[in-house]
Amino acid sequence: MDATVPDEAYQEQILPHVSRTFALTIPQLPAGLRVGVANAYLLCRIADTIEDQTGTSEAARLGLLRRFVSVLGGHEEAAQLVRDILPRLAEGTQPAERELILNMGRVVRLTGALEPRQRAPIERCVQVMCEGMHEFQRVASVQGLARMKDLDDYCYYVAGVVGEMLTRLFCAYSPAIDQRRAQLETLSVSFAQGLQLTNILKDVWEDRERGACWLPRETFARHGVDLGTAQAERQPAGFAAGMSELVAVAHARLRDALSYTLLIPRSEGGIRRFCLWAIGLALLTLRRIERTPGFTSGTQVKISHAAVGLTTMLSNVSVRNDWLLRRLFAMAATGLPLARLGPANVPSQLPVAAEFPQGFAPAQQHDPRREGRAGR
């Protein structure tokens, strides 16, 4: 893209090339939030690309991630990190991802131009994500994760921290939202984990092709399934039952997401639409997953463009009517299993970034208000 384009315009141009979903939802946000949220997404996407697409050792990838955090904090120049990353990118790296790495300096420069009350939660999100995401990617295999708690923790590091960040950005933007901060924070991790778990279920076979499985062995073992030997074309008896258990968990998390959204004042229609569109699309995807046992590809459970259009239209019409939004959710969720869960929690101990530059360690290592796990 044209290097003379202002940084903010560059963000708007690159976003549709790296995420069709966020390119759809972020413009719904009020002007005071759009730039910060788009910037946060692009930073997370850069971190994903470093972790997933740099063909180097685990230690080297972690080093690159920590250097990226250092660049974000103003402790290293982006240009040198970009020069070190580009030769390491895998041949199959998407052109848009490669371009985003190339323009890292522009994205980080825009972060630095944000107000401190926006910049702080974004930097904290990227720090925690880089450490936690790498820890799980380091041990990824087709054997799956051991426990539901591990799946909880994985979803937290790749999505839950984003839910926390968005809540802090919303609260910084609106005094009326900030008055409900405690309730929103209680539900923020559930919201993001519901979306992430839906994606994990949809992409289960594509992930296995890449050598990773994020499903919990303990869940599938109850149904006599060995995840290590499961194949898309020859799914073992009991696999669909295990998937249905996780659909029930995701459904519960999306109910929390609706409760979260209804805490946003009715006057903030843009923020509500941002949330509602994501919830609606995830809920319809869960319904496709539940109604298509034995699916072998995410494309088989992908919702249609017509369904996307209907979801956004109904959300827009009902955005300020809480009763109608609850009814629409209930109708869309008809027939889905539902787990009985409390709100999701953060891991009891976040990773300590021992090698971060002095004064730039993760801002929050432990939140005593969130001790204990609800289970998923």
Local net charge near Phe22, Cβ-Cβ under 15 Å (Lys/Arg +1, Asp/Glu -1): +1
J(HN,Hα) series, the range 220-232, from Karplus relation 6.51 cos²θ - 1.76 cosθ + 1.60, nearest Hz, glycine and proline x: 6, 4, 4, 9, x, 10, 9, 4, x, 10, 5, 10, 4
J(HN,Hα) series, the range 273-288, from Karplus relation 6.51 cos²θ - 1.76 cosθ + 1.60, nearest Hz, glycine and proline x: 4, 3, 6, 5, 4, 5, 5, x, 5, 5, 5, 5, 5, 4, 5, 5
Contour excess over end-to-end distance, with Cα ends at Asp178 and Asn321 and 0.36 nm allotted per residue: 49.4 nm
For the chain, size of Cβ-based charge dipole, Lys and Arg +1, Asp and Glu -1, in debye: 1260
Residue (of Gly342, Leu254, Ala237) at the positive-pole extreme of the range 224-356, dipole from beta-carbon charges: Leu254
Inter-part distance where the range 214-270 and the range 149-194 are each reduced to a Cα centre, Å: 19
Summed residue charge, Cβ within 11 Å of Arg288's Cβ, Lys/Arg positive, Asp/Glu negative: +3
Modelled FRET efficiency - R0 35 Å, Ser297 with Arg222, Cβ distances, 0.05 increments: 0.85
For Leu145, distant residues with modelled amide H under 5 Å away: Leu215, Arg217
Label-point separation, Ala339 to Glu206 (7 Å along Cα→Cβ), nm: 2.3
Simple label model, 7 Å out from Cα along Cβ direction - Ala146 to His17, nm: 4.3
Answer label for Rg and Dmax of the Cα atoms in Å (calculated), chosen among [x] 27.0, 114; [y] 20.9, 63; [z] 20.0, 59: [z]
Neighbour-count order for Thr21, Thr54, Thr4, fewest beta carbons within 10 angstrom listed first: Thr4, Thr21, Thr54
For the range 182-191, 3J(HN,Hα) per residue [Karplus equation, 6.51 cos²θ - 1.76 cosθ + 1.60, θ = phi - 60°, Hz, x = Gly/Pro]: 4, 5, 5, 4, 4, 9, 5, 5, 4, 3
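Only the coordinates and a few stated rules stand behind these numbers; no lab work does. What you are looking at is a predicted structure, and each value in this text was computed from that prediction instead of being measured. When we count neighbours, we look across all protein chains shown, and the Cβ atoms used for this are built from the backbone with ideal geometry, even at glycine.
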